[in-house]
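Notes for the one structure printed next.
The values are calculated or read from the model by the stated rules, or taken from the named source; none is laboratory data. As the structure is a computational prediction, the values presented were derived from the model and not from experiment. Glycine gets a Cβ as well: all are built from the backbone with ideal geometry, and neighbour counts include every protein chain shown.
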Amino acid sequence: MSDSIYDIPLRRINGDPASLDAYRGKVVLVVNVASACGLTPQYEGLEKLYADKQAQGLVVAGFPANEFGAQEPGSNAEIADFCRGTFGVQFPMFEKIVVKGPGQHPLYQRLVEQQPRAQEKPGSDFRAKLAGYGITQEHPDDVLWNFEKFLISKEGKVVGRFAPDTTVDDAVLREAIERELQA
């Protein structure tokens, strides 16, 4: 495996080969997304963030995943149609991948390796709510749920990881993004 997160082979949601190399020198917010989750409305905020900060060098990158309650069952084409049609998503979307457990995509292996723990939203009871449904992390560094966020610096280093219920309006995420954009 390469030392650079930029060299990991990916595919855009339309099947075209890609990598994060296209975003070298930009700040990237990687989010594992799902279409049928209670957190799905976060697409709206992510798209607004992308529209507001794209000119300053921010890229939001969506990676559909179906490991959490089978809340992303659709094909790549169905996911793309849903995102565009429901939330007007223009930020880059990639093909559905595995973000935890057997078959974990190399990108998520690298993200988790560089940032093993998510910063939880102060006062959040999200983890407890999941536990109430019998949902816990198998391994402490596993992605917890849909819409967990990884912040990648302009140099390609993972500099932040944020719990799924941390929205783009939360100060801790906003401040981390601003800090990286100004670096």
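Among the numbered criteria (1) of a type in the set (D, E, K, R); (2) assigned to a loop (DSSP other than H, G, I, E, B); (3) out of contact with any strand residue (DSSP E or B) (no Cβ under 9 Å at 6 or more places or on another chain), which single criterion is violated by residue 178?
(2)
Looking at region 83-94, is at least one residue within 27 Å of residue 3 (Cβ to Cβ), crowded, with 20+ Cβ neighbours inside 10 Å and of a type in the set (Val, Ile, Thr)?
No, because not a single residue in region 83-94 is within 27 Å of residue 3 (Cβ to Cβ), crowded, with 20+ Cβ neighbours inside 10 Å and of a type in the set (Val, Ile, Thr).
If you take the residues in region 129-156 that are charged (D, E, K, R) and in a loop (DSSP other than H, G, I, E, B), which one is modelled with the lowest pLDDT?
Residue satisfying both the conditions and the ranking: 138.
Can you confirm whether region 152-164 contains a residue that is free of Cβ contacts under 8 Å to residues at least 24 places away in the same chain and over 16 Å from the mean Cα position of the chain (by Cα)?
Scanning region 152-164 turns up at least one residue that is free of Cβ contacts under 8 Å to residues at least 24 places away in the same chain and over 16 Å from the mean Cα position of the chain (by Cα).
Any chance region 157-172 includes a residue that's more than 18 Å from residue 32 (Cα to Cα), in contact with a strand residue (DSSP E or B) (Cβ under 8 Å, 6 or more places away or on another chain) and part of a helix (DSSP H, G or I)?
yes
In region 62-82, how many residues are hydrophobic (A, V, I, L, M, F, W, C) and closer than 13 Å to residue 37 by Cβ?
Qualifying residue count, region 62-82: 5.
Go over the candidates 65, 77, 61 one by one and state the one that is modelled with pLDDT of 95 or more, among the aliphatic types (A, V, I, L, M) and surrounded by fewer than 17 Cβ atoms within 10 Å (Cβ to Cβ).
77
Quick one: count up the residues across region 21-46 that are part of a loop (DSSP other than H, G, I, E, B), of a type in the set (Gly, Ala, Ser), in contact (Cβ under 8 Å) with a residue 60 or more places away in the chain and on the phi < 0 side of the Ramachandran plot.
Counting residues in region 21-46 that are part of a loop (DSSP other than H, G, I, E, B), of a type in the set (Gly, Ala, Ser), in contact (Cβ under 8 Å) with a residue 60 or more places away in the chain and on the phi < 0 side of the Ramachandran plot gives 1.
Of the residues 112, 158, 143, 168, which is touching a helix residue (DSSP H, G or I) at 6+ places or on another chain (Cβ under 6 Å) and surrounded by 20 or more Cβ atoms within 10 Å (Cβ to Cβ)?
Going through 112, 158, 143, 168 in turn, just one is touching a helix residue (DSSP H, G or I) at 6+ places or on another chain (Cβ under 6 Å) and surrounded by 20 or more Cβ atoms within 10 Å (Cβ to Cβ): 168.
Please indicate, with yes or no, whether at least one residue in region 95-105 is over 19 Å from residue 17 (Cα atoms) and of a type in the set (Val, Ile, Thr).
Within region 95-105 (the criterion being over 19 Å from residue 17 (Cα atoms) and of a type in the set (Val, Ile, Thr)), the answer is no, since none of the residues qualifies.
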